[in-house]
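Colleague: First, the structure itself, so that you have it in front of you.
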């Protein structure tokens, strides 16, 4: 029930980002908050976890008026795992909310997103999970549209949560450059890719660049592979000034292709 939920918050922009502070302010009305976020930005980490025996620093942050705030020097999915395995154990949070991401996670950005990777980790553990993003990469982004509209989106999704395990939600808000959000649309994940993603980068003063090395930084240009007329692709929805709500699932299996392979006679007995 709203007001009594045990809520785990994380993000991929780091514990000090404006987006997670705004998300915490939004979610306090729904229950008790535990925040476990990366120590430093972890964008593009998808569902990666910190393995290989690599130590991770963790610190509980003081002065949060009864709420528990931590940073973990690991990936967003690792933050969710730490919450489940250490902070909430042997219980689980009722909800995992990830964001508010500084930048869109629509279209195939969802495949790379640490925000969505953390939501997927929550869903994999049977927890109702949502990733929230705003189409603005600035550190001081205006999150007022999220503050206004996300509470009702959250209520509606929570009240109609699916019985089927593995579903998680990707909610993207249009750029604050729109004078008024036009509405909400349920969409599907759009398709696209990036090209010419690597640009030369000068070694910063004091940086350790070994002899013969050069440095590059990933930027690139997004190439839209979705037909222009498909206005229900999530990245088109936000470009049109609407909030997109997209359902994802942890099961990556392609059912039509699986059936096609069966019809081709791949099932054999030896």
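Colleague: Using per-residue counts of other Cβ atoms within 10 Å, averaged over each peptide, order 243-255, 216-228 from highest down.
Modeller: Packing proxy ranking, top to bottom: 243-255, 216-228.
Colleague: Related question: Between residue 225 and residue 165, what is 0.36 nm times their sequence separation minus the Cα-Cα distance? Round to one decimal in nm.
Modeller: Here the answer is 18.6 nm.
Colleague: Fewest Cβ neighbours within 10 Å first, please rank 95, 49 accordingly.
Modeller: Arranged by neighbour count, lowest to highest, 95, 49 become 49, 95.
Colleague: While we're looking at this one, here's another question. State whether the stretch 133-200 is rounded, prolate or oblate according to the following rule on the C-alpha gyration tensor (a ≥ b ≥ c being the square roots of its eigenvalues): a/c under 1.5 gives rounded; otherwise a/b larger than b/c gives prolate, and the remaining case gives oblate.
Modeller: Since a/c reaches 1.5 but b/c is at least a/b, the shape of the stretch 133-200 is classed as oblate.
Colleague: Continuing with the same structure: Could you please rank 26, 238, 137, placing first whichever residue has the fewest other Cβ atoms within 10 Å of its Cβ? Before the final figure, lay out the partial values.
Modeller: Values: 26 20, 238 26, 137 13.
In order of increasing Cβ crowding within 10 Å: 137, 26, 238.
Colleague: Moving on. Which one is right for this structure if Rg and Dmax of the Cα atoms in Å is calculated from it: [x] 20.9, 76; [y] 19.8, 66; [z] 17.7, 53?
Modeller: Label of the calculated value: [y].
Colleague: Something else about it: Using alpha carbon centroids, what distance separates the stretch 208-233 and the stretch 142-159, in Å?
Modeller: 30
Colleague: Classify the stretch 101-252: rounded, prolate or oblate, from the alpha-carbon gyration tensor (a ≥ b ≥ c, eigenvalue square roots; a/c under 1.5 rounded; otherwise prolate if a/b is larger than b/c)?
Modeller: On the way: a/c = 1.89, a/b = 1.60, b/c = 1.18.
Verdict is prolate for the stretch 101-252.
Colleague: Give the shape of the stretch 1-56 as rounded, prolate or oblate, defined through the alpha-carbon gyration tensor: a ≥ b ≥ c are the square roots of its eigenvalues, a/c under 1.5 means rounded, and otherwise the shape is prolate if a/b is larger than b/c and oblate if not.
Modeller: Since a/c reaches 1.5 and a/b is larger than b/c, the shape of the stretch 1-56 is classed as prolate.
Colleague: Work out, step by step, the length gained on full extension between residue 268 and residue 202: first 0.36 nm times the residue separation, then minus their alpha carbon distance; give nm to one decimal. Don't jump to the answer; show the numbers that get you there.
Modeller: On the way: separation 66, 0.36 × 66 = 23.76 nm, distance 5.60 nm.
Difference between extended and current length: 18.2 nm.
Read the figures in this text as sums done on the coordinates, not as results from a lab. Predicted model only: the values in this text are computed from it and were never measured. Quick reminder, even Gly has a Cβ in these numbers, built from the backbone with ideal geometry, and neighbours come from all protein chains shown.
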